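Contents: one structure, followed by commentary.
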Amino acid sequence: MELKKYEFNKPQHRPFIYASFVSTIDGKIIVKAPGYWPIGSKNDYTFFTHLRAHADVIVDGKNTAMMFGKKTIETITSASFKEQRTALGKKKDAEYVVVTSKPDTDLLQQF
C-alpha cells in the first residue's frame, strides 16, 4: 500500500503538536483476532506508523504502554521506521515517553 504523503507545516518559533486518538462505537478498542494489532488492519498500523514517523516525541499513557509499549519500541527502533524519519528530515531516533501519576515496578519491568 502506498501512503499519501502528509506534510505538516510547523509554525516558526513555536512547538508543533499533533494528537492521534482512537474511538469505537462499542468502546472496545482492542481486537484480539488474527491479523489485527492492536486495532484495525495492517493498513491502519502502517498509516499509524507513518504518522508517528513525523513526531519528535511519542507519548503514551501508562496503560497503553503496559499493553503495547514493547511493540511501540520494536516499531520505533526498526530500520524502516528510522529510514522514514530520515527521509522526513527528522532525527533517526524518536523519543518515547510514558506519562503516569503512579509509576510502579510493573511499568519499570515492562521495559
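Bear in mind these aren't lab numbers, they're just calculated from the coordinates by the rules spelled out. The shown structure was predicted, so the numbers you read here are calculated from the model rather than taken from an experiment. No Cβ is skipped: glycine too gets one built from the backbone with ideal geometry, and neighbour counts run over all protein chains shown.
Note down the nm distance, to one decimal, between modelled labels 7 Å out along Cα→Cβ at Tyr45 and at Ile17.
3.0
Where nothing but the Cβ of Lys and Arg (+1) and of Asp and Glu (-1) is charged, how large is the charge dipole of the stretch 66-111 around its Cα centre, in debye to the nearest 20?
220
Given a cut-off of under 8 Å on Cα pairs at least six residues apart, what relative contact order in percent is computed for the stretch 58-111?
Answer for the stretch 58-111 is 55 percent.
Using θ = phi - 60° and the Karplus relation 6.51 cos²θ - 1.76 cosθ + 1.60, list the HN-Hα couplings for the stretch 87-92 in order, rounded to whole Hz, with x at every Gly or Pro.
Ordered by residue, 3J(HN,Hα) equals 5, 8, x, 9, 4, 4 Hz.
Per-residue HN-Hα couplings for the stretch 98-107, Karplus 6.51 cos²θ - 1.76 cosθ + 1.60 at θ = phi - 60°, whole Hz, x for Gly and Pro?
Residue by residue, the stretch 98-107 yields 10, 9, 7, 8, 9, x, 8, 5, 4, 5 Hz.
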